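Below is one structure, written out as structure tokens; comments come after it.
The values are calculated or read from the model by the stated rules, or taken from the named source; none is laboratory data. Being a predicted model, the structure only gives us computed values, none of them experimental. Cβ: placed from backbone, ideal geometry, glycine included. Neighbour counts: every protein chain shown. Areas reflect the complete protein model, heavy atoms only, side chains present, ligands, DNA and RNA absent. Shrake-Rupley method; radii C 1.70, N 1.55, O 1.52, S 1.80 Å.
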Amino acid sequence: MASTATRMRAPQRPNPALTRRTINGLLFVAPWLIGLCVFTLYPVLASFYYSFTEYDIISPPTFTGLDNYQTLLTSDPLFWQAVSNTLFYAMLAIPLNLLIGLGVALLLNTKVRGLAFFRTVFFLPSIVPDIAAAMLWSWLLNPQFGLVNALLKLLQLPTVGWLSDPAWAKPSLVLIGLWGFGGSMVILLAALQDVPQHLYESADIDGANSWHKTWHVTLPMITPTIFLTWYSALSLHFNTLPPPLSSQAGRAGRQVRH
Amino acid sequence: MAKSSTQAVIPERSSSVLRGLRFQHIARRIAAYGALVVLGALFSIPFLWLFSTSLKAPEQLFRLPPEWIPNPVAWGNYPRALTAIPFFLYLQNTLYITFFNVVATLISCSLAAYGFARIEWPGRNALFVVLLGTLMIPYSVIQIPQFLIFRDLGWIGTTNPLTWPAFFGNAFFIFLLRQFYLTIPQELSAAAKIDGASELQIYWRIILPLSRPALAVVALFTFMNNWNDFVGPLIYLGDREQYTLAIGLYGFLSRARTEWGPLMAAAMLMIAPIIVLFFFTQRTFIQGITLTGLKG
């Protein structure tokens, strides 16, 4: 330590404390850094390169310029369908999910009894494995014998083909997605419970009612969290559409592909 | 007289105002509980129906109006689900991959997060921005080149592509742990340094013990991700002997499309461990979410 302190006075020479910190820092992040280069950066660059080639994985890639992009944008019938489906989810399904998550989180934040119980009830669907959820929902939404249609019949309402009907496949997936709103709810609830109490007290002094408090105190305070959950739902969603569900959707599959 | 009458009126009026407020308060409470109970019931119905169906014989499935408590109870669906696929073999495979990932992810992410949160070095913040950037890369972009890497390593048809990459960390968990580490007072590290502790000792003796809730969240998320993972095993596993539960159940689903009883029993068997795990860890889990930067 003493030698470090004396040497620090000479700024021209390399600073050994700084060097040591740099080495230590790099050592700690080294596993991630190696993984970044091998499993992320290289694949991204490779994908970018392959996008300009004709490549079937078995024989070596041949360079074709912008051909793939041209096909994608002009003659691939699935591309624009996929873009519109993606926008549909990003702009409708995910905000709907967040809205319900926020609504329930606000309800739970009114100091209700049995908070832990309700939180569990709403959170559980979001941790159900995709494959199990696919099994469950293909049974619930079964056109002939499913519970959802049975209840519709009981209420004298028209029944729907759900996953087997191209027109209803997308709404069905939105419905199934809604069931898992609990993931964002838990995070939003944690943010709500973190809003400083004194803000509400000063709002009380100013004569604010509970609507004012929600609109002018709560929402501005948790806006960053709303964006974070929206963003993570978005990136999660782009990465995993439960494949069993799309194949369950059968001939509707084309309509829901991303 | 006048004075006393006003004095008499004021408390009366304010008490009626109070009563009105109290009434409003109670009405609002009832509305809140009502909404929660109705919504809660609505979101529980799929679970209840799953459990109910898993105990029904084929002829009980299609009764109208729907029967919630099967009579008689058909326990046979569970043995049928356990024998239709080599359930315990798949369970063992799933547990191997899952626990490997939990351990490896905890080691790699807790170390990398320490480098980002507790040591100051040039380039750290730039690399952290890169880390956040990688969160935005969709898996489908890197999927094929990754497959080619694993093919060149001769790992296709083995569990290696599903396990060893965990030692290279996960951007989201590193971010999460870093946020948590930042809340631990710097003085603790400084004091340890004066006592001659190395960074590795500070990491092991101070930071890790104080980060239990955050580590628990990472462990739980990793467990769930791997337990639920469908695409990874589908791409990389070749041999039937290596299948995980998710793949096995998918095979069962496509083979036994109309055997709803055994199918639901199998789904129950897949969901149950996750629910049990959540029940035992929920306090830590919620605490971890509350304390980490996850809430923004």
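Quick notes on this one:
- Tensor-based shape of the stretch A:101-194 (alpha-carbon gyration tensor, a/c under 1.5 rounded, otherwise prolate or oblate): prolate
- Estimated FRET transfer efficiency when R0 is 25 angstrom, pair B:Gln143-A:Cys37 (beta carbons, to 0.05): 0.90
- Taking amide H positions as modeled 1.01 Å from N, with prolines and chain starts lacking one, the residues under 5 Å from A:Thr53 and 5 or more places away or on another chain are A:Thr64.
- Residue with peak Gaussian network fluctuation, chain A [Cα springs, cutoff 10 Å], from A:Leu107, A:Leu163, A:Leu26: A:Leu26
- For the stretch A:199-204, the Karplus equation 6.51 cos²θ - 1.76 cosθ + 1.60, evaluated at θ = phi - 60°, returns couplings of 5, 5, 5, 5, 5, 4 Hz by residue, with Gly and Pro reported as x.
- Taking label positions 7 Å along the Cα-Cβ direction at both B:Asp195 and A:Leu72, the computed distance is 5.6 nm, reported to one decimal.
- Computed from protein heavy atoms with a 1.4 Å probe, the total accessible area buried between B and A is close to 7200 Å².
- Portion, in percent, of the accessible area of chain A that falls on carbon or sulfur, probe 1.4 Å: 67
- Ligands, DNA and RNA left out, the 1.4 Å accessible surface of chain B is 67% carbon and sulfur atoms.
- Number of partner chain Cβ atoms within 10 Å, mean per residue of A:110-117: 3
- Complex-versus-alone comparison for the stretch B:156-176, residues with a loss of 20 Å² or more in accessible area, probe 1.4 Å: B:Phe168
- For the protein assembly as shown: accessible area per residue (Å², 1.4 Å): 52
- Percent of Cα pairs in the stretch A:7-158 per distance bin of 10 Å, from zero to the largest separation: 8, 13, 19, 21, 19, 14, 4, 1, 1.
- Percentage, to the nearest whole number, of Cα pairs in chain B over 34 Å apart: 47
- Rounded if a/c under 1.5, otherwise prolate or oblate - the protein assembly as shown, Cα gyration tensor axes: oblate
- Partner chain coverage, peptide B:26-35 - average Cβ within 10 angstrom: 2
- When the Gaussian network model of chain B links Cα atoms closer than 10 Å, the mean-square fluctuations of B:Ala265, B:Ala256, B:Ala32 top out at B:Ala32.
- Neighbouring partner chain Cβ atoms per residue of A:201-212, average, 10 Å criterion: 0
- Residues considered: B:Asn170, B:Asn125, B:Asn225. Largest GNM mean-square fluctuation over chain B, using C-alpha springs under 10 Å, is found at B:Asn125.
- With an a/c value of 1.5 or above and a/b not larger than b/c for the gyration tensor axes a ≥ b ≥ c computed over the alpha-carbon atoms, chain A is described as oblate.
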